[in-house]
Amino acid sequence: MKLIVLGKFVIADPRTVLGDAGVVMGDDTITAVGPNARLLADYRGYEVLDRRDCIIAPGFINSHMHSYGILSHGITPPVEIEDFEAFLEKFWWPLVENRLDAPMIAAAGRASAVELLESGVTAFCDILEAPNAIPGGLEAFAGAIDDLGMRAVLSFEASERVSPENGQAGLIENRDFTLAYAGHPRISGKMCIHTTFTCPRPFIRKAAEMARSTGSGIQMHLSESRYEPEWCMRHYGKLPVEVYEELGFLDEQVLASQGVKLSDYEIDILAARGVKLAHVPLSNCEVGGGFSPVPDLLARGITVGLGTDGYINNFFEVMRGAFLLHKAHREDPEAMPAADVYAMATEHGADALGVPGGKLEAGGAADIITIQANFPTPVTPANLLGQLILYRNPSDVLEVWVGGRKLKENGQLINVDRDKIRAAACREAGRLWDFSS
């Protein structure tokens, strides 16, 4: 494929917005980024897609999600939920995660991926929490999404909350999947554990050793609410990050999600060890966890990606949440500028996951989207990122390419039957919601 895409603007990275510019693609990489006139002169004979009414941008990267969560949208818990601990122990663990099986995982994974793709997401990191669906849960997931053409980092959330034997099976699920998909061009594995309160210290050490032996890196949930810090203080006399530090767990291959309740001392440790973090602002609101100190994390030089958590998969809504909620929480309209939010949604996400994409540059992956620029007010390089975050939606995403393969064209996904996929997810949700079964 040799294609020139002409644009009204090119967002090469959060610091570089070019007007009257475009991108040249050759096979699976970007050949050139620059002024439209120069590209037309230098690459004669190439196919031309005229999107001079659009923004050309790198695909968005979802740094943390649980695809199976789509099956729970709208569910009414059949038990009383008093707090976060009760949410997990009375409802989420026994009535959702423990009941998931391979058909549910496959249908939910495909439906969630399609929602992300509609939003211009080209890569995502997913965590499967289904202790009774291993071995084979990750393979069921990968098989359901492979033909969609997206990049995916898949993992199983191992813990000993069911039993030590199930915990070991979870670690093996991650290891075996990572090794099996080591040569796949778009899908990869990652080691994953749950939290300090479901994973004893020897288990955490073993998971880290397995991650380092495969080179996969490792991820975990970190202080999603006050529950984990308080639990760690009761049991260890230390905060969660201090526990991980004591175990030699933390390094630049660690991706922590949530990070809502973090002390300044913990943030210092995360920064010193090069740990990455995934911010899920809307999900944090839904569970009443609080506000992650993302502005402080960024100020300390920590790489922070952005995630949906499987709660709301409209990535524009998630960007809006990150952009607006911290302003309100800090009573500061200058908190979380648009460039920071956009960086989290693109290049920081790529760095956090270790996947291609996140910026548009010669030699980089051709993971590219076009977004309509028909705003009702003037758009300039100075206000473009704010306009995009606040006033665009999935319906404004016209094209999506991953590795040069076009997955969305003129606003329509290619060779994807959305109604069939949603119907399959709805059937599986019906099985999940039948608590009498």
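Here are the numbers for this structure:
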item	result
Residue pairs meeting the criteria (Cβ under 6 Å; at least 6 apart or on separate chains; first touching a residue at least 12 places away in the same chain (Cβ under 8 Å) and assigned to a loop (DSSP other than H, G, I, E, B), in the stretch 213-226; second crowded, with 24+ Cβ neighbours inside 10 Å and basic (Lys, Arg))	Ser216/Lys190; Gly217/Lys190
Test: Ala272 is farther than 23 Å from His66 by Cβ and not in a strand (DSSP E or B)	yes
Which listed residue, of Gly288, Gly310, is in contact (Cβ under 8 Å) with a residue 60 or more places away in the chain and either assigned to a helix (DSSP H, G or I) or open to solvent by 40 Å² or more (accessible area, probe 1.4 Å) (or both)	Gly288
Residue count, the stretch 362-392 (criterion: open to solvent by 30 Å² or more (accessible area, probe 1.4 Å) and touching an Asp or Glu at 6+ places or on another chain (Cβ under 8 Å))	2
Residue check, Lys276 buried (at least 22 other Cβ atoms within 10 Å of the Cβ) and either free of Cβ contacts under 8 Å to residues at least 12 places away in the same chain or within 21 Å of Gly354 (Cβ to Cβ) (or both)	yes
Counted residues, the stretch 372-409 - those being touching a residue at least 12 places away in the same chain (Cβ under 8 Å) and more than 15 Å from Ile55 (Cβ to Cβ)	5
Among the candidates Glu409, Glu428, Glu399, residue that is in contact with a Leu (Cβ under 9 Å, 6 or more places away or on another chain), more than 14 Å from Phe60 (Cα to Cα), surrounded by 18 or more Cβ atoms within 10 Å (Cβ to Cβ) and not small (Gly, Ala, Ser)	Glu428
Checking Val121 against (1) modelled with pLDDT under 95; (2) open to solvent by less than 20 Å² (accessible area, probe 1.4 Å); (3) of a type in the set (Val, Ile, Thr), the condition it does not meet	(1)
Filtered residue count, the stretch 207-221, keeping only those that are in contact with a helix residue (DSSP H, G or I) (Cβ under 7 Å, 6 or more places away or on another chain) and either open to solvent by 40 Å² or more (accessible area, probe 1.4 Å) or of a type outside the set (A, V, I, L, M) (or both)	3
Out of Leu250, Leu297, Leu255, sole residue that is modelled with pLDDT of 95 or more and in a helix (DSSP H, G or I)	Leu297
Test: residue in the stretch 195-206 that is surrounded by 19 or more Cβ atoms within 10 Å (Cβ to Cβ), in contact (Cβ under 8 Å) with a residue 12 or more places away in the chain and in a strand (DSSP E or B)	no
Per-region count, the stretch 118-144, residues within 15 Å of the chain's Cα centre (by Cα) and among the hydrophobic types (A, V, I, L, M, F, W, C)	6
Filter result for Glu224 (open to solvent by 10 Å² or more (accessible area, probe 1.4 Å), under 28 Å from Ile81 (Cα atoms) and in contact with a strand residue (DSSP E or B) (Cβ under 7 Å, 6 or more places away or on another chain))	yes
Only one of Ala328, Ala339 that is assigned to a helix (DSSP H, G or I) and in contact (Cβ under 8 Å) with a residue 60 or more places away in the chain	Ala339
Residue check, Gln258 open to solvent by 20 Å² or more (accessible area, probe 1.4 Å), closer than 18 Å to Lys190 by Cα and touching a strand residue (DSSP E or B) at 6+ places or on another chain (Cβ under 7 Å)	no
1 or more residues open to solvent by less than 10 Å² (accessible area, probe 1.4 Å) and farther than 22 Å from Asn166 by Cβ: qualifying strands (runs of 3 or more DSSP E) within the stretch 1-112	2-13, 21-26, 29-35, 47-58, 60-65
Boolean, Asn415 is over 20 Å from the mean Cα position of the chain (by Cα), within 21 Å of Asp20 (Cα to Cα) and open to solvent by 10 Å² or more (accessible area, probe 1.4 Å)	no
Selection from the stretch 136-169 of residues that are part of a loop (DSSP other than H, G, I, E, B) and either closer than 15 Å to Cys192 by Cα or among the aromatic types (Phe, Trp, Tyr) (or both)	Glu157, Ser159, Glu160, Arg161
Residue count for the stretch 170-194, restricted to those that are among the β-branched types (Val, Ile, Thr) and in a strand (DSSP E or B)	2
Condition check for Tyr236: surrounded by fewer than 22 Cβ atoms within 10 Å (Cβ to Cβ), touching a Ser or Thr at 6+ places or on another chain (Cβ under 7 Å) and either closer than 27 Å to Phe141 by Cβ or modelled with pLDDT of 95 or more (or both)	no
Cβ-Cβ under 9 Å pairs, at least 6 apart or on other chains, the stretch 157-170 side touching a residue at least 40 places away in the same chain (Cβ under 8 Å), far side open to solvent by 30 Å² or more (accessible area, probe 1.4 Å) and small (Gly, Ala, Ser)	Ala158/Ala169
Out of Ser283, Ser263, sole residue that is of a type in the set (Ser, Thr, Tyr) and crowded, with 20+ Cβ neighbours inside 10 Å	Ser283
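The values are calculated or read from the model by the stated rules, or taken from the named source; none is laboratory data. A quick note: this is a predicted structure, and the numbers were derived from the prediction, not measured. Here the Cβ is made from the backbone with ideal geometry for all residues, glycine too, and neighbour counts use every protein chain on show. Calculation scope for accessible area: heavy atoms of the full protein, side chains included, ligands and nucleic acids excluded. Shrake-Rupley method; radii C 1.70, N 1.55, O 1.52, S 1.80 Å.
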